[in-house]
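The values are calculated or read from the model by the stated rules, or taken from the named source; none is laboratory data. These numbers were taken from a predicted model, which means no experiment stands behind them. Note that each Cβ is placed from the backbone with ideal geometry, even for glycine, and that neighbours are counted across all protein chains shown. For the accessible areas, the whole protein counts, side chains as well, though only heavy atoms, and no ligand, DNA or RNA atoms are used. Shrake-Rupley method; radii C 1.70, N 1.55, O 1.52, S 1.80 Å.
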Amino acid sequence: MGSRILGLLAILVVVGLTGCKHPDKDAGNMTTNGDMNSNVTASPSPVEGANGGPTAGTQQDLVVNVGDRVFFSYNGYDLSPEARTTIEKQAQWLKTYPHINVSVEGHCDERGTREYNLALGEKRATAVRNYLVSLGIEASRLQTISYGKERPAVTGSDEAAWAQNRRGVLVVQ
């Protein structure tokens, strides 16, 4: 009986040791918390380029490198100087990727009726679209849609939240 136990223990020790890392071979490949370090490379995600940034021509690329939205004043749809600057960058981005079509979404804050905000959102989306067209983007590449107050970016009933919800957003199709 004792030799059987010793035999099983010997097998367990051998099996256990074969699963251990060779200390010299794998030295430096483990971080202090036991995770593998950068010697292991993962495939980029669908929105991540080879350099670790967003893939060119994606929504993430637009958001990170240009900005996908502009903001409006209360009850307004005129483009501020800041909005024009952002839209000019968006137009340049769209010229870089002539195969990409976008939707221009118009959004409003929670104040006002549903009908009023849908109409105001359409005016905001159209203002962005018209400026893009004036900058040389083909109208056929741009569609507009108003969400009114139905899709707030920020919840809250104060000026800070409302200001973030009064927006026009470019969405890559």
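Take segment 57-95 and flag every residue that is of a type in the set (Ser, Thr, Tyr) and more than 24 Å from Ala160 (Cβ to Cβ).
Thr58 - this is the single residue of segment 57-95 that is of a type in the set (Ser, Thr, Tyr) and more than 24 Å from Ala160 (Cβ to Cβ).
Kindly indicate whether Tyr116 is open to solvent by 50 Å² or more (accessible area, probe 1.4 Å), aromatic (Phe, Trp, Tyr) and part of a helix (DSSP H, G or I).
yes
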Notebook entry, point to check: Here are some residues: Ala139, Ala160. Which one is closer than 19 Å to Phe71 by Cβ and either at pLDDT 95 or above or in contact with a His (Cβ under 6 Å, 6 or more places away or on another chain) (or both)?
Noted result: Ala160
Next item on the list: Kindly provide the set of residues from segment 154-164 that are in contact (Cβ under 8 Å) with a residue 24 or more places away in the chain and in a helix (DSSP H, G or I), ordered by number.
Entry: Ala161, Trp162, Ala163, Gln164
Next item on the list: Please enumerate the residues belonging to segment 85-95 that are in contact (Cβ under 8 Å) with a residue 40 or more places away in the chain and either surrounded by 13 or more Cβ atoms within 10 Å (Cβ to Cβ) or hydroxyl-bearing (Ser, Thr, Tyr) (or both).
Entry: Ile87, Glu88, Gln90, Ala91, Leu94
Check: Looking at Arg151, Arg129, Arg167, which one is without any contact (Cβ under 8 Å) to a residue 40 or more places away in the chain and either closer than 30 Å to Ala56 by Cβ or open to solvent by 20 Å² or more (accessible area, probe 1.4 Å) (or both)?
Finding: Arg129
